[in-house]
Amino acid sequence: MNITDIIRTIPDYPKSGIMFRDITTLLNHPEGFKYTIQALADRYSKYDFDFVAGIEARGFILGAPLAITLSKGFIPIRKIGKLPGQTISQSYDLEYGTDEIEIHADAFAERSKILVVDDLIATGGTAAAAIQLIEKSGGEVVESCFVIDLPDLGGTKKLEESGQRVFSLVAFEGD
């Protein structure tokens, strides 16, 4: 199945010149959504890891069924202030300012192996922050996976140059 045909492109969103890759059409397509989760499950079924960590919000939608399919625990990586209890946070730079993500301090045991999941990698800032957050908490990221890579924005290259493994199901060049 070619899921690129199912992913909608919205021109000039959120600002002029941006070609927004919208996975809601993929999520709304039962066969496409199932194919996506199964393709990721097939890839990671032989990997040695303990948890799937999904980055808010679309990483939750993809990561939770992947975790269930692979019989792994699920860790939500949330925007700051969304988790009850004690948390560990990591800030990261945006084009104009900073943002912050967090996990529960007791989300996993030290030396746990974790697969990071999100819908899309663009510049890699959020994914890099998620990796730093997991490592700061004593975990090891086995790989970061995405449905979509926008290679021209350099996120995959940035993560790989820092020693991380990265996988995406599809890439949209030139955006």
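Bear in mind that the values in this text are calculations on the coordinates, not laboratory data. Owing to the predicted nature of the structure, the values given are computational and were not obtained by experimental measurement. Positions of Cβ are generated from backbone atoms using ideal geometry, with glycine treated the same way; all protein chains shown enter the neighbour counts.
Structural remarks
- Convex hull of alpha carbon positions in the chain: directionally averaged projected area 10.0 nm².
- Euclidean distance of C-alpha centroids, the stretch 11-51 and the stretch 117-143, integer Å: 17
- Here the peptides 146-153, 74-81 are ranked by packing, the mean other Cβ count within 10 Å, and the order with the highest first is 146-153, 74-81.
- Beta-bridge orientation, the stretch 1-138: approximately 60 percent antiparallel, per DSSP, counting only bridges with both partners inside.
- Relative contact order for the stretch 121-164: 57 percent, from Cα pairs under 8 Å spaced at least 6 residues apart, divided by residue count.
- Size of electric dipole in the chain: Cβ of Lys, Arg +1 and of Asp, Glu -1, about Cα centre, debye, nearest 20: 380
- Too-long pairs where the Cα-Cα distance tops 31 Å, listed order kept, from LYS79/LYS158; LYS15/LYS136; LYS34/LYS79: LYS15/LYS136
- Relative contact order %, the chain, counting alpha carbon pairs below 8 Å whose residues are six or more apart: 16
- Taking the charge dipole of the chain about its Cα centre, with +1 at Lys and Arg Cβ atoms and -1 at Asp and Glu Cβ atoms, the residue from PRO11, THR24, ILE121 reaching farthest to the positive side is THR24.
- Measuring against 18 Å, Cα to Cα, the residue pairs LYS113/LYS157; LYS72/LYS113; LYS46/LYS113; LYS82/LYS113 contain LYS113/LYS157; LYS82/LYS113 as the ones spanning a longer distance.
- In summary, the helical segments of the chain meeting the span-like criteria, namely a full DSSP H run, a Cα extent along the axis of 15 angstrom or more and a mean Kyte-Doolittle hydropathy of at least 1.0, are 58-69.
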